[in-house]
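These notes concern the structure reproduced below.
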Amino acid sequence: MNYILTLVASSGMQPLTEQHFKEIAYVIEHYNIKFTSKIIWLDKKIAAEVAISGKAQSSLIAHLRETLANDRIDFFVTKNENRKKKLLLADMDSTIATSETLDELAQYAGIKDQVAEITIRAMEGKLDFHEALKERVGLLKGLKITALFATLEETKLSLGAKTFVDTMRKTGSTCVLVSGGFTFFTDAIATQCGFNFNHGNELEIAGDALSGRVIPPILDKFSKLELLENYIKDLDLTNDDCLTIGDGANDLPMLKAAGLGIGYHPKDTVKSEIANCILYGNLTAALYAQGYSNRNMSLKD
């Protein structure tokens, strides 16, 4: 089976050149892999791809990351077949949105640092997700719901998010936002980006304030995987038809299950287990990874 190696430069950083491919060709020779096609430019000085003769193992992935780190260039190794995916499942916090919405909400209770510290440990897989979520929401008991609207107003989309989702939708993909965060935010963010569907947890409201409880069941990493499997079944697809993207330990099962799982500015636990990662660039890199060129992207950002 042939594979495609795609290189993507970070916007405003070192431009991508043929010299980068020459360096990569030298590296992959040591792993008995070679280029089997000419370089195809997807976006001049930004993204290009080339066919290679074999799959990149973990040692080669590490070598490529080290080689390309100085110039802040991302890379992807994908199967040549079925590259443009028909289903997208994307995480929200720190992926489609730039922030952790629960942490930002906690700012209005004056405990952002306390909540953020728990979030970091949970996203690195060092805490049980259910308990970490309940603890953080419990700390917000009594917070007025006006804080939800203020937090949403301040929440920003990651660069490339609208282009990423709109391009995939216009080429026939079903796009789903899945989050261990809350439906108050996923509903709005999904609408802003053009997702077909969204799923998240639900905050319990008592009068005009948060009760400090999450309404069960809690959507966690296993729920994300189950949603992926359900959409695959409902749409009569296969795992190879799917792209998943996220940043934290809560995303790992769905990242591993999809034909193309991408870590987006990932936590270390994701970076160590997922080969295809956007370490430097924006979300349009996930389009280049599928073989899209700038000519067939819906530029929205």
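Restricting attention to region 244-271 and to residues that are of a type in the set (S, T, N, Q) and in a helix (DSSP H, G or I), the residue that is surrounded by the most Cβ atoms within 10 Å (Cβ to Cβ) turns out to be 250.
For region 114-127, does any single residue satisfy the condition of being of a type in the set (Asp, Glu), surrounded by fewer than 20 Cβ atoms within 10 Å (Cβ to Cβ) and under 21 Å from the mean Cα position of the chain (by Cα)? There is at least one residue in region 114-127 that is of a type in the set (Asp, Glu), surrounded by fewer than 20 Cβ atoms within 10 Å (Cβ to Cβ) and under 21 Å from the mean Cα position of the chain (by Cα). Hey, could you check region 174-195 for residues that are in contact (Cβ under 8 Å) with a residue 24 or more places away in the chain and assigned to a helix (DSSP H, G or I) and say which is farthest from the chain's Cα centre (by Cα)? Residue satisfying both the conditions and the ranking: 184. Hey, could you check region 196-218 for residues that are on the phi < 0 side of the Ramachandran plot, exposed (fewer than 14 other Cβ atoms within 10 Å of the Cβ) and not charged (D, E, K, R) and say which is nearest to the chain's Cα centre (by Cα)? In this case the residue turns out to be 217. Evaluated against (1) under 19 Å from residue 264 (Cα atoms); (2) of a type in the set (Lys, Arg); (3) free of Cβ contacts under 8 Å to residues at least 12 places away in the same chain, residue 72 falls short on exactly one condition, (3). Would you check if residue 171 is within 26 Å of residue 239 (Cβ to Cβ) and in contact (Cβ under 8 Å) with a residue 40 or more places away in the chain? It is true that residue 171 is within 26 Å of residue 239 (Cβ to Cβ) and in contact (Cβ under 8 Å) with a residue 40 or more places away in the chain. Of all residues in region 51-66, those that are among the hydroxyl-bearing types (Ser, Thr, Tyr) have Cβ atoms under 7 Å from Cβ atoms of residues that are buried (at least 16 other Cβ atoms within 10 Å of the Cβ), 6 or more apart or on another chain, in 53/33. Evaluation of residue 221 against the conditions (1) surrounded by fewer than 24 Cβ atoms within 10 Å (Cβ to Cβ); (2) out of contact with any helix residue (DSSP H, G or I) (no Cβ under 6 Å at 6 or more places or on another chain); (3) in contact (Cβ under 8 Å) with a residue 24 or more places away in the chain shows that the sole unmet condition is (2). For region 204-230, the set of residues classified as touching a strand residue (DSSP E or B) at 6+ places or on another chain (Cβ under 6 Å) and part of a helix (DSSP H, G or I) consists of 224, 227, 228, listed by residue number. When the helices (runs of 4 or more DSSP H) confined to region 113-170 are screened for residues that are closer than 13 Å to residue 101 by Cβ and modelled with pLDDT of 95 or more, those reaching at least 2 such residues are found at 146-154.
In region 79-98, is there at least one residue being farther than 20 Å from residue 251 by Cα and free of Cβ contacts under 8 Å to residues at least 60 places away in the same chain? Checked against the condition, which is being farther than 20 Å from residue 251 by Cα and free of Cβ contacts under 8 Å to residues at least 60 places away in the same chain, region 79-98 yields no hits at all. Just to be sure before I move on: is residue 237 within 19 Å of residue 94 (Cα to Cα) and surrounded by 15 or more Cβ atoms within 10 Å (Cβ to Cβ) in the structure I sent? No: the conditions fail for residue 237. For region 204-213, the set of residues classified as touching a Gly at 6+ places or on another chain (Cβ under 9 Å) and in contact (Cβ under 8 Å) with a residue 60 or more places away in the chain consists of 209, 210, 211, 212, 213, listed by residue number.
The values are calculated or read from the model by the stated rules, or taken from the named source; none is laboratory data. The shown structure was predicted, so the numbers you read here are calculated from the model rather than taken from an experiment. Note that each Cβ is placed from the backbone with ideal geometry, even for glycine, and that neighbours are counted across all protein chains shown.
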